[in-house]
Amino acid sequence: MFSVQPFWLGFPVRARVCPGEGPALLLRVLSVLTGLLGLAVPVAAQPTSADQATRSEVPGDAPQNSPVFFDTQMLFKGPGTLIDTQRFERPGYVAPGKYLLDVRVSGAWRGLIEIEMRESADPQGSQPCYDRGLLKQLGIDLDKVDAALAPASHPLQGDGVFCGDLASYIPHVTTKVNMAEQQLEFSVPQLFVLPQLASSYVDPASWDSGINAARLNYSTNLFSSQSGGRRSTNGYAGLNMGLNLGDLRLRHSGTLSWSPDSGSDYQRGYIYGQTDLTDWRSQLLVGESVTDAELFDSVSFRGIKLFSDERMLPTTQRYFAPVVRGTANTNAKVTVQQRGYLVYETTVAPGPFEIADLQAASFGGDLEVTVTEADGRTQRFTVPFATMARHLRPGSSRYSLTGGQVIRAGGRGQHQYVAQGTLQRGLDNQVTGYAGASLTGSYMAGLIGAALNTEFGGFGLDLTQSRTQVPRNGNLQGSSLRLSYSKNLHDSGTQFSLLAYRYSTRGYLSLRDAIDLEDFVNRGARFEDFARVRDRLDVTINQRVDGIGGDFYLNGSSLNYWNSRGQARNYAMGYNHQWRGLSYALSVQRTQGSSQFSGRRTSSENTLWSLSLSLPLGGVSGRSTMANAFISHDQNSGAHYSSGISGSLGEREAASYGVSVAHDAQPRETSTNANLSYYLPQVSLSSSLSQGRDYRAQSLGASGGMLLHSGGLTLSQTLSETAALVHAPHARGASVGYAGAQVDGQGYAVLPSLAPYQLNTVDLDPGGMADDVELQVSSRNVAPRAGAVVRLSYPTRKARAFLIDSRQADGTPLPFAASALDADSGEELGAVGQGSRLVLRSEKDQGRIRVQWGEGPGEQCLIDYVLAQPSAHQGNDTLLLDLPCRGLSQAGVTSMEPAS
């Protein structure tokens with residue numbers, strides 16, 4: 001049995017012929033029936049004439065993507081008139097040259113890389129070229145590859161380039177070039193892939209620094225109120241500005257306030273320049289910022305800061321997870337479970353094994369390890385996993401170095417200088433050690449501690465020793481001991497718990513307290529009046545309530561001071577639940593403060609109870625409109641009641657609204673409130689209105705971002721640290737990514753948020769584009785550096801689709817599959833289909849088409865066309881024209897060379 005594949009409008013149609021049923025006769029009958037459709041048989045049975053084609057037998061079915069040979073005898077106008085079909089005979093053909101391709105290794109994207117394709121005897125026409133640098137960039141472990149092969153069999157040596165079958169170098173590897181998707185795909189055995197590379201990891205060589213651009217985030221609000229016959233108006237604008245120049249990121253923040261009485265005032269925030277240091281996996285900042293708050297208090301400074309950036313590491317190394325070690329007696333299967341869920345499984349060889357790339361839940365939960373030997377024997381053991389913020393993976397480090405001048409609010413105080421350094425190091429599964437030092441002109445402190453991972457939970461213990469020189473009051477020395485504990489009790493439903501306690505001696509001061517104390521005394525205050533913390537307790541618990549469902553939470557803190565009576569307490573607890581569409585939340589918040597300064601004792605306390613209810617209108621699934629109620633009571637203001645409705649409007653729910661009525665017991669008053677917000681791709685707008693017995697207030701607000709680049713100014717939603725500028729000419733209305741951004745009339749859009757140093761896939765949805773625009777590429781991959789604005793280009797083609805029914809000058813049909821080219825540029829516009837109908841797309845509203853089925857003047861003709869201007873009522877209808885195809889002599893043409 002063999003197959004023949006005539007092409008029906010470009011799609012292969014299979015027919016099976018049994019040798020015993022007269023294959024030659026049947027094949028000739030099929031040829032007659034297909035007429036002008038053409039006949040294709042596999043290359044393996046390629047004939048030299050029509051008679052040979054009838055005698056060819058091909059065992060089995062030809063693969064769908066196998067090379068084909070077209071019998072041009074079946075595509076004819078008359079005797080001796082043939083059509084050149086060589087361009088259809090090599091599916092997947094790739095011309096030699098250099099191509100910018102998305103490269104994937106075993107499904108994981110590794111970058112947008114320029115790949116050279118050199119001519120070869122391969123059916124594809126060319127093969128990719130490799131060198132050792134490229135293979136290392138792709139995450140291939142060349143040490144294991146070299147060890148697996150004899151030196152004589154290495155096609156890649158030194159800096160040489162190899163263009164051929166990569167399987168001759170890496171056993172069992174396969175490659176595939178997909179030019180339609182602009183991809184080069186590798187399938188590499190796991191043995192030869194570096195184990196630390198996660199699927200989202202991208203080699204630093206592929207990190208994109210982005211383009212030069214200026215950026216601005218703004219948040220504005222205009223508030224007006226009228227009360228007691230007096231009217232006041234205030235304006236506010238929060239600004240975050242930036243300038244990207246190569247790898248340098250310049251940033252500045254500030255606020256602008258305005259009122260008719262006081263005029264305008266600009267308050268400057270931080271200003272700094274920052275760049276990443278790839279080899280150190282770190283960031284370098286010069287300017288104004290804050291010190292690291294991991295181990296010491298955070299203070300504002302003007303100077304320089306160098307700190308590690310974990311985002312540059314592979315995902316498997318960013319967050320703490322213990323290394324699983326064990327021993328196998330045979331080729332054993334190792335499974336790792338956390339809280340009953342399988343998180344890892346692999347097969348190991350006999351002997352010791354080590355699993356260092358776990359991606360278990362970062363909030364903890366002991367790991368249950370099962371080793372199943374080849375003969376069925378099993379061994380089980382538990383690896384404790386109770387993480388804290390300071391836990392690091394074994395062998396990994398984190399550091400921060402800062403030096404500069406202290407910045408105080410309002411510019412008050414003396415000019416003090418600060419130097420601070422911290423270092424954390426994962427020693428093994430159980431212990432992460434850390435240390436630090438902090439210095440000013442009158443203060444020094446040293447810290448040493450460790451974070452412990454145990455089966456009872458995560459513990460942190462550190463000791464800080466400080467020495468402070470107080471103006472006109474001598475020196476203070478003291479110590480502070482901090483103990484913290486965290487545990488995820490999944491069996492009891494406790495999602496997270498944290499207890500932290502710090503005790504400080506009378507002479508201990510933190511960095512921030514030491515800076516404040518020097519300013520406090522220099523302004524003439526008494527040293528004894530400065531409050532110093534004696535101890536502090538913090539509690540955080542989240543508990544799932546089994547049986548009735550819902551979640552309970554408790555957050556609280558308690559502080560005691562050496563020179564102040566009483567305690568400062570603040571805690572909140574609550575319960576959230578949902579029952580048959582009704583959501584409700586009950587909470588209580590308690591604040592209590594007592595202190596004594598300058599001989600006067602002050603105290604305050606308050607308890608606030610609240611209950612909120614939310615019910616969807618129109619059934620449980622009707623989430624667009626909600627009925628809301630809120631009740632609260634506190635000791636100072638008494639009871640408060642409010643009720644109303646809220647919801648969203650529009651197909652994309654771009655608009656949201658809320659209307660409510662409130663009643664206060666003290667003073668007894670009823671008020672109404674309304675708010676409306678609208679989300680546009682370029683800006684978010686908001687407004688509100690409140691009215692009571694003796695007052696009225698209203699506000700207007702807008703927030704968003706602006707990006708100035710070489711192509712102009714593009715508006716967007718608020719920009720995050722890292723963003724993308726999308727360029728898709730003529731694609732106005734196309735949606736970008738998930739954030740609701742749309743391409744504007746200039747062909748640009750901004751995707752406001754990307755994840756730095758890892759793979760981001762940005763898709764373009766053509767749903768809102770004009771009908772005469774088509775995307776050449778709809779998806780791009782990028783791995784931006786932190787703070788970059790990367791440019792993603794999506795080529796488009798603006799062309800109108802139309803059909804032409806045509807005949808040659810003597811009335812005969814045009815040959816099927818003949819090419820239709822632009823007579824001026826030589827660009828291919830389409831082809832001749834069945835019934836002498838041309839299916840075309842052209843960027844011009846009028847022009848001349850050359851129909852060609854051979855090289856001679858008698859094998860070409862010309863069609864002149866003019867397209868009517870598109871109108872709104874046409875919709876998606878395709879134009880159909882009836883035009884003659886005139887011979888070259890009729891059209892007065894002597895040469896058909898395309899214009900240069």
Unmet requirement for A321, which otherwise passes all of (1) assigned to a loop (DSSP other than H, G, I, E, B); (2) at pLDDT 65 or above; (3) surrounded by fewer than 19 Cβ atoms within 10 Å (Cβ to Cβ):
(3)
Within segment 768-776, is even one residue touching a helix residue (DSSP H, G or I) at 6+ places or on another chain (Cβ under 9 Å) and within 16 Å of G210 (Cα to Cα)?
no
Being outside any strand (DSSP E or B) and surrounded by 15 or more Cβ atoms within 10 Å (Cβ to Cβ) is the filter here; which residues of segment 631-657 pass it?
A654
Please pick out the residue among T714, T670, T722 that is among the β-branched types (V, I, T), modelled with pLDDT under 90 and not assigned by TED's automatic domain parsing to the domain that holds E843.
T670
All but one of (1) of a type outside the set (D, E, K, R); (2) farther than 29 Å from D309 by Cβ; (3) out of contact with any helix residue (DSSP H, G or I) (no Cβ under 7 Å at 6 or more places or on another chain); (4) assigned to a strand (DSSP E or B) hold for G449; state the number of the condition that does not hold.
(2)
Going through segment 410-443 one residue at a time, which ones are without any contact (Cβ under 8 Å) to a residue 24 or more places away in the chain and not in a loop (DSSP other than H, G, I, E, B)?
G410, G411, A419, G421, V431, G433, A435, A437, L439
Out of D261, D297, D279, which single residue is acidic (D, E), outside any strand (DSSP E or B) and in contact with a Ser or Thr (Cβ under 6 Å, 6 or more places away or on another chain)?
D297
Among the residues of segment 718-732, the number that are touching a strand residue (DSSP E or B) at 6+ places or on another chain (Cβ under 6 Å) and assigned to a loop (DSSP other than H, G, I, E, B) is 7
Given the criterion modelled with pLDDT under 95, in contact with an Asp or Glu (Cβ under 7 Å, 6 or more places away or on another chain) and surrounded by fewer than 18 Cβ atoms within 10 Å (Cβ to Cβ), identify the matching residue among S232, S253, S262, S257.
S257
Looking only at segment 227-244, count how many residues are touching a strand residue (DSSP E or B) at 6+ places or on another chain (Cβ under 9 Å) and not in a strand (DSSP E or B).
1
Search result, residues across segment 102-116 that are modelled with pLDDT of 85 or more and more than 21 Å from V790 (Cβ to Cβ)
E116
If I ask for residues that are in a loop (DSSP other than H, G, I, E, B) and in contact with a helix residue (DSSP H, G or I) (Cβ under 8 Å, 6 or more places away or on another chain), which ones from segment 756-767 would you list?
P756, Y757
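To keep it simple, each residue is scored yes or no on (1) touching a residue at least 40 places away in the same chain (Cβ under 8 Å); (2) over 30 Å from the mean Cα position of the chain (by Cα).
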| position | (1), (2) |
| --- | --- |
| Y169 | no, yes |
| K176 | no, no |
| P189 | no, no |
| P204 | yes, no |
| D208 | yes, no |
| R215 | yes, no |
| L239 | no, no |
| G246 | no, no |
| G254 | no, no |
Among the residues of segment 754-780, what is the count of those that are surrounded by fewer than 18 Cβ atoms within 10 Å (Cβ to Cβ) and closer than 29 Å to P314 by Cβ?
6
Go through (1) in a strand (DSSP E or B); (2) modelled with pLDDT of 80 or more; (3) out of contact with any Leu (no Cβ under 6 Å at 6 or more places or on another chain) for Y508 and report which single condition fails.
(1)
Tell me, which strands (runs of 3 or more DSSP E) wholly within segment 519-630 include 2 or more residues that are at pLDDT 85 or above and basic (K, R)?
533-544
Of all residues in segment 650-679, how many are in contact with a Phe, Trp or Tyr (Cβ under 7 Å, 6 or more places away or on another chain) and touching a residue at least 24 places away in the same chain (Cβ under 8 Å)?
2
I'm told A723 meets every condition in (1) surrounded by fewer than 22 Cβ atoms within 10 Å (Cβ to Cβ); (2) under 20 Å from the mean Cα position of the chain (by Cα) except one. Can you identify the failing condition by its number?
(1)
What's the number of the condition S200 fails, among (1) of a type in the set (G, A, S); (2) farther than 30 Å from E310 by Cβ; (3) touching a strand residue (DSSP E or B) at 6+ places or on another chain (Cβ under 6 Å); (4) modelled with pLDDT under 80?
(2)
Restricting attention to segment 690-711, and to residues there that are modelled with pLDDT of 90 or more and of a type in the set (S, T, N, Q), which single residue is surrounded by the fewest Cβ atoms within 10 Å (Cβ to Cβ)?
S710
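The values are calculated or read from the model by the stated rules, or taken from the named source; none is laboratory data. The shown structure was predicted, so the numbers you read here are calculated from the model rather than taken from an experiment. All Cβ positions, glycine included, derive from the backbone under ideal geometry; neighbour counts span all protein chains shown.
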